[in-house]
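To start, the structure itself, in C-alpha cells.
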Amino acid sequence: MVPAWFSTAMQQRPRIRTLEVAGANIVLRIWGRPGDPGLVLVHGGMAHAGWWDHIGPHLATGRHVVALDLSGHGSSDHRDSYGPEIWGAEVAAAAELAGAGRPAAVVGHSMGGRISLVAAAQHRGSISALAMIDSPMLDLDFDPDLISRRRTTPKRVYPTLREAMDRFVTLPAQDQVLPYVRAHVAELSLTRVEGGWSWNFDPSAFGSVAALTPYVTPLACPVALFRCEHGIVPPEVATDLVALAGEQAHVIELPEMGHHPMLDRPLALIASLRTLLAAWGR
C-alpha cells in the first residue's frame, strides 16, 4: 500500500527548467515559490534528480527547492569529460537560481555531497550552508581496472520497461528499500533506446570524483554530515569535517538507515533535514 505522504509528494509535480552550464544543458526539477530561501538537492553517482521527487515537496514549504540532474546523469547532457570542478559549477548555478540572488543551502547525497563540498569551497558567494548525506570526505582509491571496465562496458538494453525496472539495484547494494519509492526511482533511471530500454547515465562519468584534496579549502559556511548507521562513512570522519569547517561542523547520526536513506527511511530523513534547515534559518 502506498502511504498518503508519498502520494501527496507525487501529486506536487516539479516544474522543469534547463540551465546552460559550460556548454551543457542541465535539467532542473523545481518546487516551491521563487523568492523564498533557496535549497538545492544533489543526487549521488549514477543517479538522477528524481531520487528527490518524494523528498523535495516536503521541504518546499517556505523554500524554493531545486534538484538538478548533473551532466552525464538523468536528462542532462553528457560531456566529453567530467570532474569535481565542472559538477561543482553546475551545483553553484542551481544554487544561484534557487536563491534568486541570495546564497542557497545545498544538500548532497553520497557523490553529490562530495561535489557539493567542492562547490561550497569554490563558489562561496552562492552557497550559504552545506549538508552531506553519507558522503566519504577523503580521497578515494579506486581500482583503475574497475574504473576502466565501468566506463567502457556497454550498457545493457532490456526489451521492456518492466524488465529493466526489475533489474534496478543500488550501489552499494541495500536490502531494505520501500517498493513504491524503488519503482518511481527505477522508472526515471531509464530511457528508450534502439531495441528497448537502458540506463540514462553516462558510464564514462564513473569514478570522476575520486580526489577531493585539490579542490577543497576550509569552508566559511555551516556544514553538517549525516552519517547513516548502515552506510559507508566511518565514525572517525568527524575529525576530517571539523578540520574543514571548525566549530560550524556537525555530524548527525541517522540510526537504522542504509547508504540510501531516501529509499529506506525517507520520512526520518525529511524530519532530520527540516530540523537542520530550521536551525540554519535561525
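Here are a few things to note about the model shown:
- FRET efficiency estimate (nearest 0.05) - Cβ-Cβ, ARG167 to ASP80, R0 25 angstrom: 0.30
- Among beta bridges that DSSP assigns inside the stretch 99-229, antiparallel share in %, nearest 5: 35
- Working from label points 7 Å from Cα in the Cα-to-Cβ sense, the THR160 to THR8 distance is 3.5 nm.
- Entry for the chain at q = 0.12 Å⁻¹: log10 I(q)/I(0) = -0.70, Debye formula applied to identical alpha-carbon scatterers, no solvent contribution.
- Segment LEU267-ALA211, length gained on full extension (0.36 nm per residue, minus Cα span): 16.9 nm
- In the chain, the DSSP beta bridges split such that about 40 percent are antiparallel, to the nearest 5.
- Each residue, ARG17 and ARG151, gets one label point 7 Å from its Cα in the Cβ direction; the gap between the two is 3.4 nm.
- When you count the other C-beta atoms within 10 angstrom of each residue and take the mean per peptide, 196-209, 111-124 line up highest first as 111-124, 196-209.
- Net length available on complete extension from TYR180 to ALA220 is 10.5 nm, with 0.36 nm assigned per residue and the Cα-Cα distance removed.
- DSSP-assigned coil residues among GluC sites (Glu not before Pro) in the stretch 235-275, each with at most 14 further Cβ atoms within 10 Å: GLU236
- Approximate shape of the stretch 154-273 as ellipsoid semi-axes (Cα gyration tensor, √5λ), whole Å, largest first: 33, 19, 11
- Taking other C-beta atoms within 10 angstrom as a stand-in for reagent exposure, ARG15, ARG29 fall in the order ARG15, ARG29, fewest first.
- Dividing the alpha-carbon radius of gyration of the stretch 1-109 by the rule-of-thumb value 2.2 N^0.38 Å gives 1.03.
Quick note: the coordinates plus some simple rules give every number you see, no bench work behind them. Just so we're clear, the structure is a prediction, and the values are computed from it rather than from any experiment. Ideal geometry is used to build each Cβ from the backbone, glycine not excepted, and the neighbour counts take in all protein chains shown.
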